[in-house]
Structures are given as C-alpha cells and as structure tokens.
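K.L.:
Have a look at this one.
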Amino acid sequence: MAKEKKRKAAEEAVDGDDYIEREDKKPKKQKLILASQIKNKEKRSAVYAKLKHEKRVEKRKKIKARDAASKQALELGEEPPEKMVPRTIENTRELDETVCRPDDEELFAGNDADEFSAVLKQQTAPKVLITTCRFNSSRGPAFIKELLSVIPNAQYYKRGTYELKKIVEYAKNKEFTSIIVVHTNRREPDALLLIGLPDGPTAHFRLSNLVLRKDIKNHGNPTSHEPELVLNNFTTRLGHRVGRMIQSLFPQVPNFRGRRVVTFHNQRDFIFFRHHRYVFEVKEKKEGLKDKKSKASQGKTEKKAIARLQECGPRFTLKLVSLQHGTFDTKGGEFEWVHKADMDTSRRRFFI
Amino acid sequence: MQNDDVIWDVIRHHHCSYMAKIQTGNFCRNPYNVTGICNRSSCPLANSRYATIRDHDGIFYLYMKTIERAHMPNKLWERVKLPKNYMKALEIIDKHLEYWPKLLVRKIKQRLTKMTQYRIRMVKLSKKVREKIMTVPRKEVKRESRREEKALRAAQIENVIEKELLERLNKGVYPDICNYDEEIFNKLLDKNKEEEQEEEEEEEAEVEYVEGDYELEEEEELEEDIEDMGDFLKANNFEDIEGDEDDLEEQPAKKKAYVSYPLKQDDGTEKVRRKGKKVVVEVERDEDMGNRQHNVM
C-alpha cells in the first residue's frame, strides 16, 4: 500500500513538473567522490598524486604569467603590476587595542611619570647589580661574565643565601638603578629577573637558547665604549614599558666611536638579544665596469653603503613571564601582566 | 586477660604488622610507640601500662594507657595537653607519671625534648623564604621552543639591524664614524639624500602612521629632536642655540616626517629644556659637522 502510494506520488510529481514547466531541469548531478573516500590505497594515492601535480602545474602557470606581466611592464616603462604580499603571522596578527600610537598623549605623560624616566632623562646614570640564584653552576658564571662586558657599569655580587628582598634593600642603599638576577636550572641559565630600583617594576623573563661568545664562530671582542641600543617591535603598551625598562639598563649617551650595538628584537613575543660591532662600507656592484667616480643616480646605483656586523657577546632569547609592579614581592605584589596558558590559544595573538 | 609476656612472644616470633625490618634493625610503626624501635620495653601492645607523647598541629599531648582500661579499646588512651613551654611540660609529665617505671619516664622526656627541638626548627624554616619549584608541562616547553625557532626565522635579525644602522647613518645620527673613505662616503650620502628628498612627499604620510616598528632609541631621539627643536627654540627664543640649529635644518622635511611620529611635543617645555642641553653637548663635540653640512649645501 505504502509503496503504491509513493509511486503515485512520484508520478504526480512528474506530471506536476511538466504541467508547471520548470525550465531549468537540474542536470544529473555527477556524484563527486572525494579522494579520501576511495578505499583502495593504491588508487587513492594515485588520485592524490594527480591532484598535487595539477595544483603545481597551475601554480607554475600563475607564476610565469605574473613574471611575464611584470617584465613586460618594465620593458614598456610602465609600472609593474602590484606584487602580491604573502600572508604572514605578523600580517594577520590579531588586532591589539593597546598598540602604542604615535599621537598618544597619555603615553608620553605616562612615560614622564614612570619609574624609568629618571634614568632615561639622564638624571641618574644606570648602575646595575648582577647576581644569581642560590645555587649557581656550570654555564651561569660564564654567562654572567659576558653580561658584565655587555652592560656598562655593571657589578657582580655573589648571592650567598640572602633573601631577594634583602638584596633589593641593600642595592637601594648603594644606589643601584637595577638588579639582574640570573636564575639557573639544571646547570643552565634559565630565567632573568629584572628589578628596577628604587621601586621599579620587576620583570621575569625566561631565558633560552643561550650561546656564549666562545661558541660563536668568528666572534668579535667588545670594547668598553657605551653601546648603541636598538629596540625593535615593541608595539603595545606592555611592550613599550618593557622596552623602556631594558633601555634603562644602558647609559643613554652612546659612544658612536665604539661602533657597538646591542639589539633587543621582539618577534612574536620573543625578545632576541644580539650584540654586534658594526662597520659601514662601500659596496660596489659588479654591473658594468664603471669606475668608482661615476655617478649613476637613475635606477640602480653600483655603489651602495652597507653595514656589516660582527657578532660579539652572547646571544639569547627572552620571553616575558610576568611583570610586577613594585620591587620583588611575589606574594604581596601587584602583577601588571602574567602569562597564563590561556593566552597561548591563538597563534595570532601577541602581547608585546 | 592481659599477659604482656605472652603477647610479646606471639608478636615477636610470629607476626607483628607494625614491625618494619630494615638493614640497621627492627623498627615499630605503631604511632603510640615512644622510641620507634621494636623492643620488649617499647612495644605499646606488649606493655599494659604505657605512655607516649604525640604531636597534633604543633601541640604536644601526653597519652597514657593503663591496664584497668585494657578491655575498652575505645577509651584506652588518656590524653593530657602539654603546654608549649618545655619546663612546664616536664613538670606535668612528672606529675602524671610519678609512680611509673623510671625507664619509661626517661624515654618520654627524651622524646619531648626531641619534639620541641624539631618544632622550633620547623617554625624557623617556615619563616624563611624558599624557592618554590614549579613544573612546566612538557607540551608547553616543546611548543615554546618550536615557536621560538619560527620567530627567529621570521625575524631576520641581522638584516633588520643592518637596515636600522644604515637609516641612522643616513639621518646623520653618527657624527664621527671614521672607518670609511671620506670622499666617497660623502658622495654616497649626497646621492642617498637626493634620492630620498625626491621621494619625501610620498613617504611623509606613510611614515607618520607606522606602528609596526616602533622604535625607542633615545640616541635617535637625540638627533631627531634637534630638528624639531628648531621650531620650538625659535618659538621660545632660545637664542644661543639657534645658530647651530640652522646647520641642521637643511633636511628638515625628511627628518620631520620621521620625527614627529614618536614625539608630538605638546607637553613640550620640559622636554625642550632637556633636549636643549643635549643639543649643546652634541654641537660642542663635533665641529666638523657644521662644516661638512655647509659643503654639501
């Protein structure tokens, strides 16, 4: 009974179709079989290989077309078609509302009023106290030696078994402007604690990828001139604050004759530290055999000024774990920023 | 009926669940044991009249058991709170255990001494600040190292540094770098400046709103501000510095484009004064600078 009814309904529907005169009768759908649904491994892999090959061929075609177009445009003297910009993590970074803008009044007012302004305005010269955790071993002392050579006006004191708060007081009495505590774990320097004085913030960084000077090939030896600072990519408010903190470790008047540059480069919340000596040179390009004195200013110049770097000093990366307002006090202190596991969920979200 | 000897016989030679045999001897795990050793005189099960001191939350209690209550295990142990003062506690022990065998009393007092000592030590330790060991899940450690590698590759640090240094050079931040062939270098600088001045207009608008590479170089600000200074100083009539300003003003346009961005000077005076000092210093250091610039002009 049911079947008969169905058949009748189907017939009626068909009749209905003709009656209504639907114009676009749907063509028979070709069932698209996904390659992943083929159960036979050999056949499946063959289909995949074919797909891949097709894709690659298409891509090459596109690239060729693009190159040809740009070449043509150049020859004709027109503007080449716009270069496509690859999508990077930095391009697609999640919009952060705390990014410092160049016209931010509040930012400058804040800068004037913050803990580093004294040092940064050259009212006090930076004086740094370096110490370690209670048990210091293996690479720690070597690293500290190198730190001492990087940061001018830095002194090393043995830790003993003093409490950190006592050390902070002691340093305040001796008029230091900041303390660096190098923490070792499993015989490797593991963390850096940067404490600003007199009541500066405490930044806790995790140290990784430490390469000592002696392990760098063709390393240079740093002089004792005051280094230049380069701080890159500290965009957000937090980053700005951290950047200023780092800046307050170094004297504000660099000695350019020394040609020393210390770089803190922030990339995706990792702060890379590099220490170089640089040299400016004139580089000649080999195109044509024009002599040095000719001046070709259109298009390509054969002489370029370049900077060459020789790495000296250690190389390491820092990652901010927490920033605490006031000097070291984990229990009672107010944390401005703490890294939580939650924050790592998005691959496009960075905080510094 | 309580026959201590029989109990001891059975326990010792057959099985006592409180006994722990170690290399160095037999120990008793019974919490009511005074000395902790498995002994005829220290066994709480094999002695019908026994006493101990036990510690609860930092307070010591004297526990006593007598044969009269042997048939009521629930009420077997009688407890007396001992004061924190060592001498007073001793007195109380003496009072309660007056007619008890001396050996036991002595053992109890020894135990009391040891416990007070370790209580003092615990209190001292807890006051000390100790490092807390925190573990990081391995997954996170690995994730971090992976991300770091990728970030390193994306950073292209050396290129960025070189570019930055060249920019600074072109801006004239370096007054006296002396490792180049001066003639050629000057010519290069001129060339660069010419090229850049052509493109000035285009760049200005863009540069003003650049946020990606926010750079915090005081040194740069030093030099940059000199240009801004020009307007400011004129506004405020700082006559003595004006002369020097002129030298540096030949490239105002380009530098301004770059400069206005980190330091909009509405909160000016303080900064002006500060920069003023710096400006003086800079000029005094380099007499060459003025000359060189003039040549170019």
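The values are calculated or read from the model by the stated rules, or taken from the named source; none is laboratory data. Being a predicted model, the structure only gives us computed values, none of them experimental. Heads up, the Cβs are rebuilt from the backbone with ideal geometry, glycines too, and the neighbour counts pull from every protein chain shown. To get the accessible areas, we keep the full protein, side chains included, count just its heavy atoms, and leave off ligands, DNA and RNA. Shrake-Rupley method; radii C 1.70, N 1.55, O 1.52, S 1.80 Å.
K.L.:
Suppose we keep only residues that are part of a helix (DSSP H, G or I) and in contact with a Phe, Trp or Tyr (Cβ under 9 Å, 6 or more places away or on another chain) within segment B:64-107. Which one would you say is most open to solvent (accessible area, probe 1.4 Å)?
P.N.:
Filtering first and then ranking leaves B:ARG69.
K.L.:
Give the residues of segment A:120-169 that are open to solvent by 70 Å² or more (accessible area, probe 1.4 Å), more than 14 Å from chain B (Cβ to nearest Cβ) and free of Cβ contacts under 8 Å to residues at least 24 places away in the same chain, sorted by residue number.
P.N.:
A:LYS145
K.L.:
Starting from segment A:101-117, keep only residues that are free of Cβ contacts under 8 Å to residues at least 12 places away in the same chain and on the phi > 0 side of the Ramachandran plot, then list their pairs with residues that are of a type in the set (Phe, Trp, Tyr) and open to solvent by 20 Å² or more (accessible area, probe 1.4 Å) whose Cβ atoms are within a distance under 9 Å, requiring at least 6 positions of separation or different chains.
P.N.:
none
K.L.:
Tally time: how many residues in segment A:306-333 are without any contact (Cβ under 8 Å) to a residue 60 or more places away in the chain and either away from chain B (no Cβ under 12 Å) or open to solvent by 20 Å² or more (accessible area, probe 1.4 Å) (or both)? Break it down stepwise before answering.
P.N.:
As a first pass, look at segment A:306-333 and keep what is without any contact (Cβ under 8 Å) to a residue 60 or more places away in the chain: A:306-309, A:330-332.
Okay, now just the ones that are also either away from chain B (no Cβ under 12 Å) or open to solvent by 20 Å² or more (accessible area, probe 1.4 Å) (or both), so A:306, A:308-309, A:330-332.
Residues flagged as without any contact (Cβ under 8 Å) to a residue 60 or more places away in the chain and either away from chain B (no Cβ under 12 Å) or open to solvent by 20 Å² or more (accessible area, probe 1.4 Å) (or both) within segment A:306-333 amount to 6.
K.L.:
Under the condition of being open to solvent by 80 Å² or more (accessible area, probe 1.4 Å) and facing chain A (nearest Cβ under 9 Å), which residue from segment B:159-179 is modelled with the highest pLDDT?
P.N.:
Of everything passing the filter in segment B:159-179, B:LYS163 is modelled with the highest pLDDT.
K.L.:
Let me ask something additional. In segment A:97-119, which residues are surrounded by fewer than 16 Cβ atoms within 10 Å (Cβ to Cβ) and more than 20 Å from A:HIS325 (Cα to Cα)?
P.N.:
A:GLU97, A:ARG101, A:ASP103, A:ASP104, A:GLU105
K.L.:
Pull up segment A:249-258, narrow it to residues that are facing chain B (nearest Cβ under 10 Å) and modelled with pLDDT of 90 or more, then point me to the one that is farthest from A:ILE195 (Cα to Cα).
P.N.:
A:PRO251
K.L.:
Taking segment A:203-248, which residues are assigned to a strand (DSSP E or B), β-branched (Val, Ile, Thr) and more than 11 Å from chain B (Cβ to nearest Cβ)?
P.N.:
A:VAL211
K.L.:
Could you check segment A:184-197 and list, in sequence order, the residues that are within 13 Å of chain B (Cβ to nearest Cβ) and either without any contact (Cβ under 8 Å) to a residue 12 or more places away in the chain or within 14 Å of A:PHE328 (Cα to Cα) (or both)?
P.N.:
Of everything in segment A:184-197, those that are within 13 Å of chain B (Cβ to nearest Cβ) and either without any contact (Cβ under 8 Å) to a residue 12 or more places away in the chain or within 14 Å of A:PHE328 (Cα to Cα) (or both) turn out to be A:ASN185, A:ARG186, A:LEU193.
K.L.:
Same structure, new question: Restricting the first residue to segment A:259-279 and requiring it to be facing chain B (nearest Cβ under 9 Å), which pairs with a second residue that is hydroxyl-bearing (Ser, Thr, Tyr) and not in a strand (DSSP E or B) meet a Cβ separation below 9 Å and a spacing of at least six or different chains?
P.N.:
Here the result reads A:ARG259/A:THR223; A:ARG259/B:TYR174; A:ASN266/A:THR235; A:VAL279/B:TYR180, each pair linking segment A:259-279 to a residue that is hydroxyl-bearing (Ser, Thr, Tyr) and not in a strand (DSSP E or B).
K.L.:
So A:GLU75 ticks every box in (1) touching a Gly at 6+ places or on another chain (Cβ under 6 Å); (2) exposed (fewer than 10 other Cβ atoms within 10 Å of the Cβ); (3) not aliphatic (A, V, I, L, M) but one. Which box is left unticked?
P.N.:
Only one criterion in (1) touching a Gly at 6+ places or on another chain (Cβ under 6 Å); (2) exposed (fewer than 10 other Cβ atoms within 10 Å of the Cβ); (3) not aliphatic (A, V, I, L, M) is unmet by A:GLU75, namely (1).
K.L.:
Given the conditions (1) at positive phi; (2) touching a residue at least 12 places away in the same chain (Cβ under 8 Å); (3) of a type in the set (Lys, Arg), which single one is not true for A:ARG213?
P.N.:
Unmet condition: (1).
K.L.:
Continuing with this model, one more query. Look through B:GLU164, B:GLU149, B:GLU140 and report the one residue that is in contact (Cβ under 8 Å) with a residue 24 or more places away in the chain, of a type in the set (Asp, Glu) and part of a helix (DSSP H, G or I).
P.N.:
B:GLU164
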